[in-house]
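Structure first, then comments.
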Amino acid sequence: MGLIRESAAGLRIFGDELQPAEISRMLKCEPTQARVKGEVIKYPSGRERTITCGSWLLTAKSTEPEDLDGQIKWLMAKMTDDLMVWQALTSSYDVDMFCGAFMQSTNDGLSISPETMLALGSRGIEFDLDIYGPDDDSDGDV
């Protein structure tokens, strides 16, 4: 089995009533990006978009080759380990660890350590993984 070419990971929290400053206070961490429901985003093209759901996101740097386990551990170390805080968050908001795995060939794999799985599970964080196949024209070669 080959190694996944690249990985990306981020903790996502969504909710209509989400207030980013409150989430940051609870987690003892500032987000990479945050939005409040109703906020209007203006693009350089002049197009506007109204945010339909509040969000708080903390992302790790993409790694090449894949190190999803290390990325998740890095993210978890940035935030509180107080399980009562996590229970309050997961009972009020949608919380997940959203990850992407970018394959190099058609039979690549990755592993997540028991410690990382326990950290996510004990906090009630859903693990969400998108797997992207190799480029069609690469024949598995990079």
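The values are calculated or read from the model by the stated rules, or taken from the named source; none is laboratory data. For clarity, every value in this text was computed on a predicted model and none was experimentally measured. Here the Cβ positions follow ideal geometry from the backbone for every residue, glycine too, while neighbour counts run over all protein chains shown.
Test residue 33 against the stated conditions and say whether it is modelled with pLDDT of 95 or more, within 13 Å of the chain's Cα centre (by Cα) and over 18 Å from residue 6 (Cα atoms). Yes. Among the residues of the range 114-137, the ones that are under 14 Å from residue 75 (Cα atoms) and hydroxyl-bearing (Ser, Thr, Tyr) come to 1 in all. All told, residue 41 meets the bar of being at pLDDT below 95, over 15 Å from residue 120 (Cβ atoms), not in a loop (DSSP other than H, G, I, E, B) and not small (Gly, Ala, Ser).
Contact map, the range 76-105: residues that are in contact (Cβ under 8 Å) with a residue 12 or more places away in the chain paired with residues that are among the acidic types (Asp, Glu), Cβ distance under 6 Å, separation 6+ or inter-chain. Pairs shown: 96/126; 96/128; 98/128; 100/130; 102/6.
Residues in the range 83-111 that are touching a Phe, Trp or Tyr at 6+ places or on another chain (Cβ under 9 Å), under 30 Å from residue 22 (Cα atoms) and aliphatic (A, V, I, L, M): 95, 97. Whenever a residue of the range 45-74 is closer than 19 Å to residue 9 by Cα, its partners that are in a helix (DSSP H, G or I) and of a type in the set (Lys, Arg), lying with C-beta atoms within less than 8 angstrom and at least six residues away or across chains, give the pairs 58/78.
Does residue 13 fit the bill of being in a strand (DSSP E or B) and either on the phi > 0 side of the Ramachandran plot or modelled with pLDDT under 95 (or both)? No.
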